[in-house]
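To start, the structure itself, in C-alpha coordinates.
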Amino acid sequence: MTADAEIRIAELERRLLGGYQLLQALVGIRLRSVTDPESRRHLTWLSDVVAAMGLLTRRTAEGGPVDFAAYLEDAAGFWQRACEGRAIRIDIRAAAADLPESHALPLAIILHELMSNCVRHAFPADRRGSVAIAYSRASDGVSLVVRDSGVGAADLVHGDGLALVEGLVAHLGGAMAIESAPESGVGVRVRLPIRSERPH
(Lines give C-alpha, C1' and ligand atoms only; values in the text may rest on other atoms or scores of the structure.)
Protein backbone atom coordinates (compact mmCIF):
# COMPACT_ATOMS: atom_id res chain seq x y z
CA MET A 1 0.00 0.00 0.00
CA THR A 2 1.38 3.43 -0.92
CA ALA A 3 1.89 6.20 1.62
CA ASP A 4 -0.78 8.27 -0.18
CA ALA A 5 -3.33 5.46 0.12
CA GLU A 6 -2.53 5.02 3.81
CA ILE A 7 -3.10 8.74 4.38
CA ARG A 8 -6.48 8.58 2.59
CA ILE A 9 -7.54 5.56 4.66
CA ALA A 10 -6.53 7.28 7.88
CA GLU A 11 -8.50 10.38 6.88
CA LEU A 12 -11.58 8.28 6.04
CA GLU A 13 -11.33 6.51 9.39
CA ARG A 14 -11.01 9.85 11.19
CA ARG A 15 -14.11 11.23 9.44
CA LEU A 16 -16.17 8.12 10.12
CA LEU A 17 -15.23 8.03 13.78
CA GLY A 18 -15.90 11.77 14.04
CA GLY A 19 -19.35 11.23 12.54
CA TYR A 20 -20.17 8.47 15.01
CA GLN A 21 -18.96 10.61 17.92
CA LEU A 22 -21.08 13.54 16.75
CA LEU A 23 -24.15 11.32 16.43
CA GLN A 24 -23.59 9.98 19.94
CA ALA A 25 -23.28 13.53 21.25
CA LEU A 26 -26.52 14.57 19.52
CA VAL A 27 -28.37 11.60 21.00
CA GLY A 28 -26.93 12.43 24.42
CA ILE A 29 -28.19 16.01 24.12
CA ARG A 30 -31.68 14.76 23.24
CA LEU A 31 -31.61 12.30 26.16
CA ARG A 32 -31.09 15.18 28.60
CA SER A 33 -34.41 16.74 27.57
CA VAL A 34 -36.53 13.59 27.12
CA THR A 35 -38.51 12.29 30.10
CA ASP A 36 -40.75 9.69 28.44
CA PRO A 37 -39.34 6.27 29.48
CA GLU A 38 -40.05 4.62 26.12
CA SER A 39 -38.37 7.44 24.20
CA ARG A 40 -35.37 7.29 26.53
CA ARG A 41 -35.12 3.54 25.99
CA HIS A 42 -35.03 3.95 22.20
CA LEU A 43 -32.52 6.81 22.30
CA THR A 44 -30.25 4.88 24.67
CA TRP A 45 -30.40 1.90 22.31
CA LEU A 46 -29.46 4.15 19.38
CA SER A 47 -26.54 5.62 21.31
CA ASP A 48 -25.20 2.17 22.19
CA VAL A 49 -25.53 0.87 18.62
CA VAL A 50 -23.67 3.91 17.28
CA ALA A 51 -20.92 3.20 19.83
CA ALA A 52 -20.72 -0.43 18.62
CA MET A 53 -20.47 0.73 15.01
CA GLY A 54 -17.76 3.23 15.93
CA LEU A 55 -15.71 0.53 17.63
CA LEU A 56 -16.01 -1.73 14.60
CA THR A 57 -15.04 1.07 12.22
CA ARG A 58 -11.59 1.12 13.83
CA ARG A 59 -11.21 -2.50 12.71
CA THR A 60 -12.65 -2.16 9.18
CA ALA A 61 -11.21 1.10 7.83
CA GLU A 62 -8.69 -0.69 5.60
CA GLY A 63 -11.23 -3.10 4.12
CA GLY A 64 -11.00 -6.87 3.90
CA PRO A 65 -11.55 -9.40 6.69
CA VAL A 66 -12.09 -8.13 10.23
CA ASP A 67 -10.21 -9.36 13.29
CA PHE A 68 -13.41 -9.99 15.25
CA ALA A 69 -11.59 -11.34 18.29
CA ALA A 70 -9.82 -7.97 18.62
CA TYR A 71 -13.16 -6.20 18.19
CA LEU A 72 -14.58 -8.29 21.04
CA GLU A 73 -11.85 -6.95 23.33
CA ASP A 74 -12.87 -3.39 22.36
CA ALA A 75 -16.56 -4.17 22.91
CA ALA A 76 -15.89 -5.80 26.29
CA GLY A 77 -14.08 -2.65 27.38
CA PHE A 78 -17.11 -0.57 26.34
CA TRP A 79 -19.51 -2.77 28.31
CA GLN A 80 -17.20 -2.95 31.33
CA ARG A 81 -17.22 0.86 31.44
CA ALA A 82 -21.01 0.81 31.09
CA CYS A 83 -21.15 -1.49 34.16
CA GLU A 84 -18.84 0.67 36.24
CA GLY A 85 -19.88 0.54 39.89
CA ARG A 86 -21.66 -2.79 39.46
CA ALA A 87 -20.23 -6.19 40.35
CA ILE A 88 -20.46 -7.61 36.83
CA ARG A 89 -17.45 -9.36 35.29
CA ILE A 90 -17.09 -9.79 31.53
CA ASP A 91 -14.95 -12.67 30.25
CA ILE A 92 -13.93 -13.33 26.65
CA ARG A 93 -12.71 -16.51 25.02
CA ALA A 94 -12.09 -15.82 21.36
CA ALA A 95 -9.91 -17.53 18.78
CA ALA A 96 -8.01 -15.25 16.43
CA ALA A 97 -10.29 -15.72 13.43
CA ASP A 98 -11.01 -13.16 10.72
CA LEU A 99 -14.57 -12.44 9.68
CA PRO A 100 -15.74 -11.21 6.25
CA GLU A 101 -16.87 -7.58 6.17
CA SER A 102 -20.35 -8.75 5.14
CA HIS A 103 -20.76 -10.46 8.53
CA ALA A 104 -18.76 -8.15 10.81
CA LEU A 105 -21.29 -5.34 11.33
CA PRO A 106 -24.35 -7.63 11.74
CA LEU A 107 -22.46 -9.78 14.25
CA ALA A 108 -21.28 -6.66 16.11
CA ILE A 109 -24.90 -5.51 16.43
CA ILE A 110 -25.96 -9.02 17.51
CA LEU A 111 -23.31 -8.92 20.23
CA HIS A 112 -24.47 -5.46 21.28
CA GLU A 113 -28.08 -6.60 21.64
CA LEU A 114 -27.16 -9.71 23.64
CA MET A 115 -24.85 -7.74 25.93
CA SER A 116 -27.49 -5.06 26.39
CA ASN A 117 -29.99 -7.71 27.52
CA CYS A 118 -27.47 -9.15 29.98
CA VAL A 119 -26.49 -5.83 31.50
CA ARG A 120 -30.02 -4.42 31.73
CA HIS A 121 -32.03 -7.50 32.74
CA ALA A 122 -29.87 -10.31 34.14
CA PHE A 123 -28.63 -8.61 37.31
CA PRO A 124 -31.41 -6.64 39.04
CA ALA A 125 -30.97 -4.89 42.39
CA ASP A 126 -27.16 -4.74 42.05
CA ARG A 127 -26.88 -8.52 41.83
CA ARG A 128 -23.34 -9.80 41.30
CA GLY A 129 -22.54 -11.95 38.30
CA SER A 130 -20.64 -12.48 35.10
CA VAL A 131 -21.10 -12.52 31.35
CA ALA A 132 -19.04 -14.91 29.23
CA ILE A 133 -18.49 -14.28 25.51
CA ALA A 134 -17.09 -17.04 23.29
CA TYR A 135 -16.26 -16.66 19.60
CA SER A 136 -14.87 -19.36 17.35
CA ARG A 137 -14.45 -20.11 13.65
CA ALA A 138 -14.97 -23.42 11.89
CA SER A 139 -14.61 -24.37 8.24
CA ASP A 140 -18.28 -23.65 7.56
CA GLY A 141 -18.84 -20.51 9.62
CA VAL A 142 -18.59 -18.81 13.00
CA SER A 143 -20.13 -19.28 16.44
CA LEU A 144 -20.84 -16.58 19.00
CA VAL A 145 -22.06 -17.51 22.49
CA VAL A 146 -23.11 -15.00 25.14
CA ARG A 147 -23.98 -16.49 28.54
CA ASP A 148 -24.78 -14.68 31.78
CA SER A 149 -25.02 -15.94 35.36
CA GLY A 150 -28.06 -13.82 36.13
CA VAL A 151 -31.61 -14.43 37.25
CA GLY A 152 -32.68 -16.36 34.14
CA ALA A 153 -36.31 -17.17 33.38
CA ALA A 154 -38.58 -20.16 32.88
CA ASP A 155 -40.10 -18.56 29.79
CA LEU A 156 -37.89 -15.95 28.18
CA VAL A 157 -39.88 -13.09 26.66
CA HIS A 158 -38.58 -12.09 23.23
CA GLY A 159 -38.47 -8.31 23.34
CA ASP A 160 -37.18 -5.88 20.74
CA GLY A 161 -33.55 -6.89 21.30
CA LEU A 162 -33.96 -10.63 20.77
CA ALA A 163 -36.34 -10.02 17.87
CA LEU A 164 -33.65 -7.92 16.19
CA VAL A 165 -31.05 -10.64 16.82
CA GLU A 166 -33.34 -13.28 15.34
CA GLY A 167 -33.94 -11.10 12.29
CA LEU A 168 -30.22 -10.51 11.67
CA VAL A 169 -29.39 -14.20 12.19
CA ALA A 170 -32.12 -15.21 9.73
CA HIS A 171 -30.94 -12.58 7.23
CA LEU A 172 -27.48 -14.18 7.26
CA GLY A 173 -28.90 -17.72 6.98
CA GLY A 174 -27.80 -18.66 10.48
CA ALA A 175 -29.36 -20.29 13.52
CA MET A 176 -29.90 -19.19 17.10
CA ALA A 177 -30.51 -21.25 20.25
CA ILE A 178 -31.47 -19.92 23.70
CA GLU A 179 -31.15 -21.68 27.05
CA SER A 180 -32.62 -20.24 30.24
CA ALA A 181 -33.94 -21.33 33.60
CA PRO A 182 -34.75 -19.48 36.84
CA GLU A 183 -31.56 -18.58 38.73
CA SER A 184 -29.45 -20.25 36.03
CA GLY A 185 -28.90 -17.30 33.72
CA VAL A 186 -29.42 -17.07 29.98
CA GLY A 187 -27.23 -18.44 27.21
CA VAL A 188 -27.60 -17.51 23.54
CA ARG A 189 -25.67 -19.32 20.80
CA VAL A 190 -25.55 -17.85 17.30
CA ARG A 191 -24.11 -19.78 14.35
CA LEU A 192 -23.56 -18.06 11.02
CA PRO A 193 -22.55 -19.93 7.87
CA ILE A 194 -19.76 -18.49 5.75
CA ARG A 195 -19.21 -19.82 2.27
CA SER A 196 -15.68 -20.92 1.51
CA GLU A 197 -15.28 -18.53 -1.39
CA ARG A 198 -15.53 -15.57 0.96
CA PRO A 199 -12.25 -14.24 2.36
CA HIS A 200 -10.94 -15.81 5.57
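General remarks:
- Solvent-accessible surface ranking, highest first, for ILE90, ILE178, ILE110 at 1.4 angstrom: ILE178, ILE90, ILE110
- Under a 5 Å amide H cut-off, with hydrogens placed 1.01 Å from N, ASP98 pairs with nothing among residues at least 5 apart or on other chains.
- Once the Cα-Cα distance is subtracted from the 0.36 nm per residue extended length, the ALA153 to SER102 segment shows a gain of 15.0 nm.
- Area of GLU166 that stays accessible when all protein chains are in place (1.4 Å probe, Å², to 10): 80 Å²
- Additional length obtainable on full extension of the chain from LEU46 to LEU26, 0.36 nm per residue less Cα span: 6.1 nm
- Computed accessible area, VAL186, all protein chains, 1.4 angstrom probe, square angstrom: 20 Å²
- Geometric descriptor of region 42-179, per residue, is 111 Å³ (volume of the convex hull of the Cα atoms).
- Accessible area of ASP74 (1.4 Å probe, protein heavy atoms only, ligands and nucleic acids ignored): about 40 Å².
The values are calculated or read from the model by the stated rules, or taken from the named source; none is laboratory data. Keep in mind that this is a model prediction, so the values were computed, not measured. Note: accessible area is taken over every heavy atom of the protein model, side chains too, but ligands, DNA and RNA are not part of it. Shrake-Rupley method; radii C 1.70, N 1.55, O 1.52, S 1.80 Å.
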